1. Considering only region 1-75, give the helices (runs of 4 or more DSSP H) lying wholly within it that have at least 1 residues that are farther than 25 Å from Ala360 by Cβ.
2. Answer yes or no as to whether Arg188 is surrounded by fewer than 21 Cβ atoms within 10 Å (Cβ to Cβ) and either within 26 Å of Ala302 (Cα to Cα) or away from the ligand (no atom under 16 Å from the Cβ) (or both).
3. If the requirement is being touching a His at 6+ places or on another chain (Cβ under 9 Å) and assigned by TED's automatic domain parsing to the domain that holds Ile157, which of these qualifies: Ala118, Ala105, Ala128, Ala133?
4. Anything in region 68-124 that is within 21 Å of the chain's Cα centre (by Cα), more than 10 Å from the ligand (Cβ to nearest atom) and surrounded by fewer than 17 Cβ atoms within 10 Å (Cβ to Cβ)? List them, or say none.
5. If you take the residues in region 209-222 that are surrounded by 15 or more Cβ atoms within 10 Å (Cβ to Cβ) and farther than 16 Å from Ile74 by Cβ, which one is farthest from the ligand (Cβ to nearest atom)?
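The values are calculated or read from the model by the stated rules, or taken from the named source; none is laboratory data. Please read these numbers as outputs of a predicted model, since none were measured by experiment. Virtual Cβ from ideal backbone geometry, glycine too; neighbours counted across all protein chains shown.
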Amino acid sequence: MQAQLQQRPYNFSAGPAALPAEVLETAAAEMLDWHGSGMSVMEMSHRGKEFISIYEQAESDLRELLAVPKDFHILFMQGGGLAENAIVPLNLSRGGKVDFVVTGAWSQKSAGEAKRYADVHIAASNEASGFTALPEPSNWQLRRDAAYVHLCSNETIHGVEFHEIPDLKALGSDAPLVIDFSSQQLSRPLDWSRVGLAFGGAQKNIGPAGLTLVFVRNNLLGHALQACPSAFNYQTVAQAQSMFNTPPTYGIYMAGLVFQWLKRFSYRGRNALAAIEQRNIDKAELLYSTLDGSGMFINRVAHNARSRMNVPFFLRDERLNDAFLADARERRLLQLKGHKSVGGMRASIYNAMPLEGVQALVDLMRDFEARHG
Ligand SMILES: *Cc1c(COP(=O)(O)O)cnc(C)c1O
């Protein structure tokens with residue numbers, strides 16, 4: 001089994017994305033009989049003691065890893081990031097004003113959906129740059145009476161990341177900040193003092209699709225619109241410890257295995273989240289420095305906004321795209337084709353991607369350039 005797993009290809013999918021082989025191995029071993037219970041996790045009541053123990057362990061490991069403060073609830077929901085684009089305004093907007101910072105396809109989509117529930121204002125946008133830079137926070141046009149401000153902390157498609165969460169207070173706003181951190185969560189620590197709510201689908205960095213994580217500060221609960229479905233009312237979900245209805249039990253179990261893997265993770269003398277963050281920095285530096293040193297490949301994102309997780313890049317001669325992808329497949333480097341709206345290539349290098357995977361990609365790029373350059 002081990003030898004077989006070590007030969008798995010490197011998978012650069014943007015999501016659903018690669019999971020650590022160790023985690024998949026544990027899940028496979030426990031598939032038919034979880035810890036002597038005689039049941040697969042998929043076959044357990046979500047209210048039974050076995051599943052409750054899985055849920056409680058996952059919740060406490062996640063809280064510890066991300067240092068989530070006590071006044072934040074962690075909700076295990078369904079619907080993905082796109083459903084949250086509606087669920088957030090249903091819960092927080094009170095039908096009033098909400099401000100959006102648009103830095104790419106995902107925040108743009110979020111603003112579009114929120115329009116159905118609230119008075120949406122685009123406080124800043126980098127669309128004019130082709131979504132390759134971050135709008136300078138001191139220029140954001142924030143409204144004093146906005147119910148919240150929304151931004152996407154890592155734009156998965158355009159490869160633009162906030163390396164520091166903006167401090168709205170310093171910008172003269174008392175509104176809570178909502179972040180879509182689907183493709184950033186657990187890749188680095190988060191400064192919770194600057195955030196009121198953070199949400200993300202699990203399928204980028206945490207587990208299988210179907211589980212959505214919502215971290216919400218206590219004092220933001222209890223203001224849902226009348227039309228908000230009960231199963232999507234944060235207060236209802238929080239009061240029921242995410243068991244108002246059946247949660248995505250298998251996804252929670254898989255996420256729990258990933259949290260355990262992260263807690264054991266060490267790298268260059270660091271442990272857990274600090275270790276994975278350092279490896280993510282090293283991977284990103286290796287890839288971006290190769291791109292910057294190349295005459296054939298290019299990444300167009302401003303240096304201070306370059307994502308550590310999603311790296312879109314282009315061949316200057318687009319006619320070579322197919323040849324590059326064919327060579328990648330031959331070297332067992334999977335799912336490098338860029339998003340259809342952007343074209344070119346994209347390497348998503350989430351937590352589960354080892355440094356060796358990025359090295360293999362960089363080796364391919366250098367060889368390809370030597371052959372075709
Ligand atoms: C993937 C992604 C989403 C969409 O998630 P779904 O689970 O497909 O609804 C939203 N926001 C960001 C930043 C994403 O990367």
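1. 21-29, 49-65
2. So Arg188 fails the test.
3. Ala105
4. Pro69, Gly112
5. Here the answer is Gly210.
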